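To start, the structure under review is shown below, and the notes come after it.
The values are calculated or read from the model by the stated rules, or taken from the named source; none is laboratory data. All values reported here derive from a predicted model rather than from experimental measurement. Cβ placement follows ideal geometry from the backbone for every residue including glycine, while neighbour counts extend to all protein chains displayed. Please note that ligands, DNA and RNA were not included when accessible areas were found on the heavy atoms of the full protein model with its side chains. Shrake-Rupley method; radii C 1.70, N 1.55, O 1.52, S 1.80 Å.
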Amino acid sequence: MAKQRIILPIEGMSCAACALTVQQALGATPGVGAVNVNYATARAAVDYDDAQTGVARLAKAVRDAGYQCGQTSVTFGISDLHYAPSTAGLERELAAVPGVIRAAANQATESVTVTYVPGVTTAKQLEDAVTAAGFHVAAPIAAEDPVERERWARSLEVRTLTRQTAFAATIAVLTMLGAMLLMGGHDRAVGGAIGQVDLLGRLLMPLAVRLRRAVGEGGLLGDPVLLKLMLGALTVPVLLWPGRRFYHGAWSGFRHRTADMNTLIAVGTGAAFLYSVVATLVPGVFTRAGLPADVYYEAVAAIIALILLGRLLEARAKGRTSAAIRRLAALTPAVAHVLRGTTTEDIAAAAVEVRDLLVVKPGERVPADGIVTEGSSALNESMLTGEPMPVTKHPGDEVIGGTLNTTGSFTFQAARVGKDTALGQIVRLVEDAQASKAPIQSLADRVAGVFVPVVIALAIAAFVLWFDLGPQPALLFATIALVTVLIIACPCALGLATPTAILVGTGRAAEQGVLIRGGEALERLSKVRTVLLDKTGTITEGRPAVTHIVTARKPDGTPVPPAEVLRWAASVEQRSEHPIAQAIIRAAQDRMVLLLPVEKFAAMEGRGVRGTVDRRIVEVVSARHARERSLELGSLVQDADRLADQGRTPVIVVVNNTVHAVIAISDPVKPTSKEAVSRLRSLGLTVRMVSCDTKRAAQVVAAEVGIDEVLAEVLPSQKADLVKKEQMRGRVVAMVGDGINDAPALAQADVGIAIGTGTDIAMEASDVTLISGDLRGVVTAVELARRTLGTIKQNLFWAFLYNVLGIPIAAGALYPLTGLLLSPVIASAAMAWSSLSVVLNSLRLRRYTPAWIG
């Protein structure tokens, strides 16, 4: 049993208050740690202890809060299940699969039905569970594709909203025309009392009078009682079909003692409708009190139509915010060609297993990560490395799932499949990031938690004030104020402000090869002012090569053969993973030097290595360490200094405490490093280089790329201390390294940025991962972080400003100055626009393109 993390799709949320309710319900479940519910993505990221709780209990907590956990079912056959004495073991194994809510086996039909969370449970996991229980599946399990499910659900939502909006809008137009006939006819007095203060009524009054004249006084349309009955009859279907979602949501919230956006809309439109029904059926209640028996059916229909229109446009826009994750997931092909003996069989890519031999034809995408076993081809790996030129692959080379085969056909053996592939890890990281929140959202969350009750209280206060102090007809004015305040209030904009921006920003970053762990990392990144760059593998290529071997002389005056030096050095370095060690080993292999076994190997941090080779103590150490030990270098001192001045790294080969040679190693600077440093400085960032190399060698590289401040001869363990010193000066620090020996510094930094290459994605060691080795990705990360945080601030500002100004205006704050009241219809349009504007503002981040590309 261990800590687990699951992302649950949540259905039924309509605003930020809903998300907060679900978050509190999940957080109160025993065994649950951190919970983050994202309204924009309709997902909940939950960390839990599977020894204390499970997915079924989490789903129940969501249901108990009044919402639904997205789930689906699959039924598949089990061979010879009817012979089994019991199905309990099978059901238990399946229920233990991550994401499974329940499993029910049927011996009569020899099948089992599994209910699970899409995107969490895979077909292979289910098949493995069946095998673990001692059974076999009768046929491959066709588990639902989570990407296809999300696309289908979004499409269904858009189609449903389109139909409902069209219907409600049609009724709204008809009822508006009927209301105009009433305004321009028998209720001309009401037009003087209400029409002159209602903003929409004042705008429509001239048209209403002309419409009434055109229709005339006779017929059904001339009878105000029949006209009101007709308007009421037209409005009822709007309440029962398009408006049903609001009333159902409000009732569900009432049963679970919560209130959300549905509550405001249901109470507002419900109050207007009931007022109108009373005015239609028993008008004497109002006329005996000297009040006009006015109706607001058109307002009810128009409010529902406009709110649905806003949700339709919002759903379309939100669909575009998640386009990046769908594009990434779509890179994996649906079908894979598996080699079975001498024949090829087509299977679902999701069913590919490790060690399967797969054939990839020209124009197809690679279905998994693996090693080429036969054939050769050129693959376009730009989706991972950003390099547009195809890379030629031969037997023994690694291929990455999702990359595009451009020319020949080849066979490879699968090494990582499904979620374990590089692409699967990228998709998972982006999904996690998009389910997160930034700290800046905390204020909006606190407001959303009390928003609906406060708005209801303000609406009641406005009603009382208008009823007690307002002009006649006071009841009508008070009702308008009540309905308008309820309708205009919008916690949705607050809930969408941060997550939509993070959704688009992290998705766009992923498309540019930058993986940002989440909202918190993104916010910290936007505040970075100092960037520390490790030299090897970050500024340089990270593949150093031996350029010079300068040997000492033997006692007889003859020079030590370079091949002999390489044999000693490479033999002891074969136990090391340091880039310098790899360079020496490659040099020995290129010269076909035979390596000897090494014993008593020891790595000296930041100083070198030592070991026993052929009964000799061989050391390969840094020039600095050689000086510290006062080793006799003789004439090699000048050679080491000369090579260091040329920007090369000199290492000293010592055999039995006698210096045998200086080996010079050069790690070429990446072609894009100089441009990246220049752009980082143009962003106002202080850039420093950190290196284990000698000061002179480090300064040569720094000068080449335009860095003035160099921290040289720094041990790996000291890099974290350098980060601390910068932080103690009050600076927000980003450390950029390779994620291996830089891990302590990456963890210490406010933002750790790991350089990845291909499948080497150091996700667990960093806040940000650059998929390719291009240092310009740091520029992309900082620029996108700043733009995303700026967008969040804009969204929150306008969301707060909208409610701060909108609610008082809806309550009648402008009436003493202008003599106008805000119409509930205009309020509903404003409410719909406020949510949509936040999403559209966030979508502007999709247009971001790095300067060197644009």
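Please go through the stretch 137-187 and give me each residue that is over 30 Å from T87 (Cβ atoms), buried (at least 16 other Cβ atoms within 10 Å of the Cβ) and at pLDDT below 70, ordered by number.
Within the stretch 137-187, V147, E150, M183, G184, G185, H186, D187 qualify.
Which residue is nearest to L494 (Cα to Cα), if the candidates are limited to the stretch 459-473 and must be at pLDDT 85 or above and crowded, with 19+ Cβ neighbours inside 10 Å?
That would be A459.
Every residue in the stretch 8-41 that is surrounded by fewer than 22 Cβ atoms within 10 Å (Cβ to Cβ), hydrophobic (A, V, I, L, M, F, W, C) and within 22 Å of the chain's Cα centre (by Cα), please.
If the condition is that a residue be surrounded by fewer than 22 Cβ atoms within 10 Å (Cβ to Cβ), hydrophobic (A, V, I, L, M, F, W, C) and within 22 Å of the chain's Cα centre (by Cα), then V32, A34, V35 are the ones that fit.
Out of the residues in the stretch 356-403 that are farther than 28 Å from L126 by Cα, under 27 Å from the mean Cα position of the chain (by Cα) and open to solvent by 20 Å² or more (accessible area, probe 1.4 Å), which is modelled with the lowest pLDDT?
The selected residue is G386.
Among the residues of the stretch 208-252 satisfying the criterion of being at pLDDT below 70 and within 14 Å of E298 (Cβ to Cβ), which is surrounded by the most Cβ atoms within 10 Å (Cβ to Cβ)?
A208
Here's a check for you: in the stretch 676-713, which residue that is outside any loop (DSSP other than H, G, I, E, B) and without any contact (Cβ under 8 Å) to a residue 12 or more places away in the chain is surrounded by the most Cβ atoms within 10 Å (Cβ to Cβ)?
Across the stretch 676-713, the extreme among qualifying residues is A703.
Here are some conditions: (1) farther than 15 Å from R627 by Cα; (2) out of contact with any helix residue (DSSP H, G or I) (no Cβ under 6 Å at 6 or more places or on another chain); (3) part of a helix (DSSP H, G or I). P671 meets all but one. Which one does it not meet?
Unmet for P671, out of (1) farther than 15 Å from R627 by Cα; (2) out of contact with any helix residue (DSSP H, G or I) (no Cβ under 6 Å at 6 or more places or on another chain); (3) part of a helix (DSSP H, G or I): (3).
Got at least one residue in the stretch 635-656 being assigned to a loop (DSSP other than H, G, I, E, B), at negative phi and more than 51 Å from the chain's Cα centre (by Cα)?
yes
For residues that are modelled with pLDDT under 80 and not aliphatic (A, V, I, L, M), scanning just the stretch 104-120, find the one that is surrounded by the most Cβ atoms within 10 Å (Cβ to Cβ).
Looking at the filtered set, the residue picked out is G119.
Give the residues of the stretch 783-792 that are surrounded by 24 or more Cβ atoms within 10 Å (Cβ to Cβ) and more than 16 Å from the chain's Cα centre (by Cα), sorted by residue number.
Across the stretch 783-792, there are no qualifying residues.
Within the stretch 500-510, identify whether any single residue is at pLDDT 85 or above, in a helix (DSSP H, G or I), over 20 Å from D750 (Cβ atoms) and of a type in the set (V, I, T), and answer yes or no.
Yes, the stretch 500-510 contains a residue that is at pLDDT 85 or above, in a helix (DSSP H, G or I), over 20 Å from D750 (Cβ atoms) and of a type in the set (V, I, T).
Matching residues to (1) free of Cβ contacts under 8 Å to residues at least 40 places away in the same chain; (2) out of contact with any strand residue (DSSP E or B) (no Cβ under 7 Å at 6 or more places or on another chain); (3) part of a loop (DSSP other than H, G, I, E, B):
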{"site": "A105", "(1), (2), (3)": "yes, no, no"}
{"site": "T109", "(1), (2), (3)": "yes, yes, yes"}
{"site": "T113", "(1), (2), (3)": "no, no, no"}
{"site": "P118", "(1), (2), (3)": "no, no, yes"}
{"site": "K124", "(1), (2), (3)": "no, yes, no"}
{"site": "E127", "(1), (2), (3)": "yes, no, no"}
{"site": "V130", "(1), (2), (3)": "no, no, no"}
{"site": "F135", "(1), (2), (3)": "no, no, yes"}
{"site": "I141", "(1), (2), (3)": "no, no, yes"}
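Give T506, T530 a once-over and let me know the one that is of a type in the set (S, T, N, Q), under 30 Å from the mean Cα position of the chain (by Cα) and over 25 Å from V669 (Cα atoms).
T506
Can you run down the residue pairs with Cβ atoms below 6 Å, 6 or more apart or on separate chains, where the first is in the stretch 593-604 and without any contact (Cβ under 8 Å) to a residue 24 or more places away in the chain and the partner is open to solvent by less than 40 Å² (accessible area, probe 1.4 Å) and β-branched (V, I, T)?
Sorted first by the residue in the stretch 593-604, then by its partner, the pairs are E599/T612; K600/T612.
I'm told A563 meets every condition in (1) open to solvent by 10 Å² or more (accessible area, probe 1.4 Å); (2) in contact with a Cys (Cβ under 8 Å, 6 or more places away or on another chain); (3) of a type outside the set (D, E, K, R) except one. Can you identify the failing condition by its number?
Of the numbered conditions (1) open to solvent by 10 Å² or more (accessible area, probe 1.4 Å); (2) in contact with a Cys (Cβ under 8 Å, 6 or more places away or on another chain); (3) of a type outside the set (D, E, K, R), the odd one out for A563 is (2).
Looking at the stretch 332-355, which of its residues are touching a strand residue (DSSP E or B) at 6+ places or on another chain (Cβ under 6 Å), without any contact (Cβ under 8 Å) to a residue 60 or more places away in the chain and open to solvent by less than 80 Å² (accessible area, probe 1.4 Å)?
P333, V335, A336, H337, V338, T344, A349, listed by residue number.
Tally time: how many residues in the stretch 70-103 are under 30 Å from R43 (Cα atoms) and either assigned to a strand (DSSP E or B) or open to solvent by 20 Å² or more (accessible area, probe 1.4 Å) (or both)?
The qualifying residues number 16.
What number of residues in the stretch 575-613 are open to solvent by less than 50 Å² (accessible area, probe 1.4 Å) and polar (S, T, N, Q)?
Residues that pass the stated criteria total 2.
Identify, by number, the condition in (1) outside any helix (DSSP H, G or I); (2) touching a helix residue (DSSP H, G or I) at 6+ places or on another chain (Cβ under 8 Å); (3) closer than 30 Å to R255 by Cβ; (4) not charged (D, E, K, R) that L58 doesn't meet.
Exception for L58: condition (1).
In the stretch 42-61, how many residues are touching a Leu at 6+ places or on another chain (Cβ under 7 Å) and either open to solvent by 20 Å² or more (accessible area, probe 1.4 Å) or among the β-branched types (V, I, T) (or both)?
Number satisfying all stated conditions: 2.
Need pairs with beta-carbon distance below 7 Å; first residue under 22 Å from A433 (Cβ atoms) and within the stretch 7-20, second charged (D, E, K, R) and open to solvent by 30 Å² or more (accessible area, probe 1.4 Å); sequence gap 6+ or separate chains.
I7/R43; I7/E431; L8/R43; P9/R43; I10/R43; L20/D445
So, in the stretch 808-824, exactly how many residues are open to solvent by less than 20 Å² (accessible area, probe 1.4 Å) and within 26 Å of L308 (Cβ to Cβ)?
Residues that pass the stated criteria total 4.
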